[in-house]
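These notes concern the structure reproduced below.
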Amino acid sequence: MLPTGLPVAADVGAGVTSINVLRFTSVFEPADLAPEWVAYDPIGGMQTHTAELTRCLDRRGLRQTVFTSRLAGPAGFTRYGKHAVVVRTGLRLPMLRQLWAPPALLGSLHMPGRIDVVHAHAGEDLAVLPAAWIAAARHHCPLVVTVHCSLRFTVLAASVRHAVLCLAGGAAERRVVAAADAVITLTPSAAGSLRRDRVCADRVHVIPSGFDPGLFEACEPDPFPGVAHPRIAYVGRLAPHKGVGVLLEAFARCHGAASLLVIGDGPQRAELERRARTLPGEVRFTGFWPHARIPAALRHVDVLVLPSFYEELGSVLVEAMAAGLPVVASRVGGIPDLVRDGQNGLLAEPGHPEAFARAISRLLTEPDTAARLGAAARTTAQDYTWPALAGQVTDVYRQVIAARAAKSRR
């Protein structure tokens, strides 16, 4: 059951002609950035996406109740802006993290007031889509699904856990996505996969992850004093599918002196640090950084590398491009929709250190090329600002609400 004491967002402002949104997401920006939370589940692009969208929708006056997992933080309500409430449920046990969904679903079914639309954020999670589907049926309202990382088309089953996740979660994904009133993908490539899977083209919308322009306005001092330029940076979770080990091997093959900054944390950190100690050149692991500090890091590095084995988009690429950085990224998922090889960045085959080393070395040894790609990247990023993207999400809500209302009048 929901904790008592705080009203849900849909209760506030009864009679106001605002959109009341019920959202489900397995991960969200934590209420507390304590070290134990970071060790439990380091922040990735989906956490940032769901939080930034919540902030922007709140500024637009939408009323939101966001159900998510507690992870290592406390369960309960958190006010978010003027019109949003985040409800965290579940147990503080990594092996039982999916158990956040039953109490979230129960709470969503008993919410008072009008719900206009249910919005599910689907990533590497089994429970979020069925819960959102049931909630939408209970409240007789449209269902919108954002596919952050498709279990059918994107995730590689590199372990038994991932194989089970792809099999069970992929089946749920296919069924719920087919039933949704609208589906949002982060890239045109992902949208194409859904259309080829017979999802109606007019129900598929491409709305990527973005960046907050306000975070890039301040001019902060260099956060890496003593680290020599040129600086190569990786920003993100230290997990096997992110390919940081490939980056370490590529760094050892790069031409010329350089420094490597690994910004982030995760289950692979200890192993990667051991490997880095055998490499020539300086490799510095900074540990976890709050998202608000990332723009300062990006302003003081020379190249951003994302060597993932699979990735739907990679929001850090958008942020790096907004900072005017030349980027090197894997040719996987929807990344080529954002990074056009040789035009606003460079692409390399995933899992090939030699290919990444050649691309990085080119940027380090050809300053004119690096400057040209960085300038083009900054121009590309202007289409990825969060306030504008949140407006597109609002338009999707209005479309599905209007379509449902028109259908009920027939």
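The values are calculated or read from the model by the stated rules, or taken from the named source; none is laboratory data. Predicted model only: the values in this text are computed from it and were never measured. In this analysis, Cβ positions are derived from the backbone assuming ideal geometry, glycine residues included, and neighbour counts consider all displayed protein chains. SASA here: full protein model, heavy atoms, side chains in, ligands and nucleic acids out. Shrake-Rupley method; radii C 1.70, N 1.55, O 1.52, S 1.80 Å.
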- [ ] Kindly write out, for region 292-299 in residue order, the coupling ³J(HN,Hα) from the Karplus curve 6.51 cos²θ - 1.76 cosθ + 1.60 (θ = phi - 60°), rounded to whole Hz, with x marking Gly and Pro.
- [x] 5, 8, 4, x, 5, 5, 5, 5
Task: For q = 0.10, 0.14 Å⁻¹, Debye-computed log10 I/I(0) when each Cα of the chain counts as one equal scatterer - done: -0.66, -1.27
- [ ] Mind putting a number on the dipole of region 167-216 about its Cα centre? Charges go on the C-beta only, +1 for Lys and Arg and -1 for Asp and Glu, and I need it in Debye to the nearest 20.
- [x] 280
Open item on the list: Taking the Kirkwood radius as the inverse of the mean 1/r across Cα pairs, report the Rg/Rh of region 106-157.
Closed with: 1.05
Task: Contour excess over end-to-end distance, with Cα ends at A406 and E282 and 0.36 nm allotted per residue - done: 38.4 nm
TODO: Treat region 144-256 as a sphere of radius equal to its Kirkwood radius over Cα pairs and apply Stokes-Einstein at 25 °C in a medium of 0.890 mPa s; give the translational diffusion coefficient in µm²/s, rounded to a whole number.
DONE: 139
TODO: Translational diffusion coefficient, Stokes-Einstein: compute it for region 178-335 using the Kirkwood radius over C-alpha pairs as Rh, at 20 °C and 1.002 mPa s, and state it as an integer in µm² s⁻¹.
DONE: 126
TODO: For region 76-119, state what percent of all Cα-Cα pairs lands in each successive 10 Å bin, counting from 0 Å until the bin that includes the largest distance.
DONE: 23, 49, 25, 4
- [ ] State, to one decimal in nm, how far the label point of E271 lies from the label point of R299, with both points 7 Å from Cα in the Cβ direction.
- [x] 3.6
Task: Heavy-atom accessible surface of the chain: percent carbon and sulfur, 1.4 Å - done: 56
- [ ] Just check region 209-259 against the gyration tensor rule for me: Cα atoms, a ≥ b ≥ c as the square roots of the eigenvalues, rounded for a/c under 1.5, and otherwise prolate or oblate depending on whether a/b exceeds b/c.
- [x] oblate
Task: In region 324-360, trypsin sites (Lys or Arg not before Pro) in a DSSP loop with at most 15 other beta-carbon atoms within 10 Å - done: R331, R340
Open item on the list: Between region 220-273 and region 317-344, what is the separation of their alpha carbon centroids in Å?
Closed with: 17
- [ ] Leaving out ligands and nucleic acids, note down the accessible area per residue over region 269-410 with a 1.4 angstrom probe, in whole Å².
- [x] 42
Task: Per-q log10 I(q)/I(0), region 333-410, q = 0.12, 0.13, 0.16 Å⁻¹ (Debye; single scatterer per alpha-carbon; no solvent) - done: -0.55, -0.60, -0.73
Task: Most positive-pole-ward Cα, H352, L215, V332, against dipole of the chain from beta carbon charges - done: V332
TODO: Within region 115-223, list the GluC sites (Glu not before Pro) lying in a DSSP loop whose Cβ has at most 15 other Cβ atoms in a 10 Å radius.
DONE: E217
Open item on the list: With every protein chain kept in place and ligands, DNA and RNA left out, what is the accessible area per residue of region 96-186? Probe 1.4 Å, answer in Å².
Closed with: 39
Open item on the list: Could you work out the percent of alpha carbon pairs in region 248-387 separated by over 18 Å, rounded to a whole number?
Closed with: 56
